Each structure stands twice: as structure tokens, then as C-alpha cells.
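Below you'll find the structure, written out as C-alpha cells, and then a few comments.
The values are calculated or read from the model by the stated rules, or taken from the named source; none is laboratory data. The structure presented is a predicted model; accordingly, all values stated were derived computationally and were not measured. Cβ placement follows ideal geometry from the backbone for every residue including glycine, while neighbour counts extend to all protein chains displayed.
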Amino acid sequence: MSQLKKVISGLSFSKSEKNMNNLLKIIKKYNRINSLKEGYAEMAEINLSIAKMCLDADNEVFRQCEEKLTECE
């Protein structure tokens, strides 16, 4: 947010169309960046839950292997 404020504060707020278009581009870019950040955060949560699920399954298989090996002894 601070980067957006810096850029906006650097613009002269006359009624020129150029400044208005620049401001709109900045706002769109800022919104796109925030959308990407949210998407990456959601994917991180999904990836973490998948990793936990796989770790649980791996631990269960390892436990079963150890159980079978102790039966053989």
C-alpha cells in the first residue's frame, strides 16, 4: 500500500486526462498484484494441506512396514 501512496502522491491532480489514465493504470496494477498475492496465499494453504496429508500417509506406510518387519523377527 505504501508504494501506491508514494506513486499517487507524486502525481499532480489536475483534471488532465493523462494523469487520470495514469492513476487508473496504477490502481489496476495494484489490484492485480493484490489478487495475485491472495491467489498465492490460497495455493500455499492448499499445498500445505496436501503435504500434511501425504506425510500422514507416508508415516502410516512406514509404521506398517516396521510392524511387518518386527513380525518377521
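One table, with the values for the structure above:
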{"quantity": "Test: residue in the stretch 18-27 that is modelled with pLDDT under 85, outside any helix (DSSP H, G or I) and exposed (fewer than 10 other Cβ atoms within 10 Å of the Cβ)", "calculated": "no"}
{"quantity": "Residue that is modelled with pLDDT of 85 or more and in a helix (DSSP H, G or I), where the choices are 5, 68", "calculated": "68"}
